[in-house]
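The values are calculated or read from the model by the stated rules, or taken from the named source; none is laboratory data. Keep in mind it's a predicted model, so treat the numbers as computed, not measured. All Cβ positions, even for glycine, are placed from backbone atoms using ideal geometry, and neighbour counts span all protein chains on display.
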Amino acid sequence: MVTAGGTREPIDPVRFLGNRSSGKMGNALAAAFREAGAEVELITAAPPPPAVQGLRVAEVETAAQMHDAVWAALDRADLLLMAAAVADYRLRWVAEHKLKKSAAGMTLELVPTVDILESLRTHPRRSEVLVVGFAAETDHLLVNAMDKLRRKGLDLIVLNDVSAPGVGMGADDNAVTVLDKDGAVLTVQRDAKLEVARRLVVLLSERLPRPPS
């Protein structure tokens with residue numbers, strides 16, 4: 001299972017809170033795992049890729065919708081790659097009608113969205129699934145990524161510096177470092193996102209939970 005894209009939290013019928021995630025890395029991961037023979041479920045808040053055999057797509061918009069889709073899909077997953085950039089906040093109240101521009105300005109009250117990775121700690125199948133988070137950071141890269149891995153109880157985390165030229169959100173290339181609880185286990189220098197995804201497939205396939213003999 002792969003999540004992709006940046007979630008959108010509505011402000012009113014025409015506006016939303018969002019981020020710069022394009023969904024390209026998630027799409028590349030889905031494609032690379034399909035190449036390797038896996039059945040893939042892509043849960044995406046970005047425009048989905050063309051339909052192909054072995055790829056199941058669920059389109060969502062908000063963090064809450066992605067949470068529900070991930071929880072349902074985890075019942076049939078061996079691996080979760082949480083590549084989506086899930087919004088951290090949503091509006092406490094969504095306007096029913098379009099908000100009008102005012103010279104006086106506007107204040108929006110924000111509240112935290114559901115933390116999808118944190119919530120999976122209580123999923124009945126959590127121990128049977130390899131859960132991989134993503135950390136898009138701009139400073140204190142390793143410290144922030146390791147903190148996220150530990151706080152959310154992840155098996156692995158994929159770190160990328162989104163402030164670096166050519167590998168930020170929306171770029172066609174990426175460069176990543178994969179970490180587990182003991183530190184870095186793989187570094188992939190800048191390359192096309194599909195090539196980065198193929199390197200991740202090799203590593204993650206080796207770490208998938210094995211059924212009892």
Count - residues of region 24-78 that are out of contact with any Leu (no Cβ under 7 Å at 6 or more places or on another chain), farther than 22 Å from HIS123 by Cα and basic (Lys, Arg): 1
Candidate set from region 28-37 (those that are free of Cβ contacts under 8 Å to residues at least 40 places away in the same chain and on the phi < 0 side of the Ramachandran plot); member that is surrounded by the fewest Cβ atoms within 10 Å (Cβ to Cβ): ARG34
Single unsatisfied condition, SER205 versus (1) touching a residue at least 60 places away in the same chain (Cβ under 8 Å); (2) under 19 Å from ALA77 (Cβ atoms); (3) part of a loop (DSSP other than H, G, I, E, B): (3)
Inter-residue pairs, beta-carbon under 9 Å, first among the basic types (Lys, Arg) and in region 150-167, second in a strand (DSSP E or B), 6+ apart: LYS152/VAL131; LYS152/GLY133
Residues of region 70-107 satisfying the condition of being among the acidic types (Asp, Glu) and either touching a Gly at 6+ places or on another chain (Cβ under 8 Å) or over 15 Å from ILE11 (Cα atoms) (or both): ASP75, ASP78
Matching residues, region 1-49, being small (Gly, Ala, Ser), within 19 Å of ARG199 (Cβ to Cβ) and either out of contact with any helix residue (DSSP H, G or I) (no Cβ under 7 Å at 6 or more places or on another chain) or not in a helix (DSSP H, G or I) (or both): ALA4, GLY26, ALA30, ALA36, GLY37, ALA38
Only listed residue being modelled with pLDDT of 95 or more, assigned to a loop (DSSP other than H, G, I, E, B) and not aromatic (Phe, Trp, Tyr), chosen from VAL143, VAL70, VAL132, VAL94: VAL94
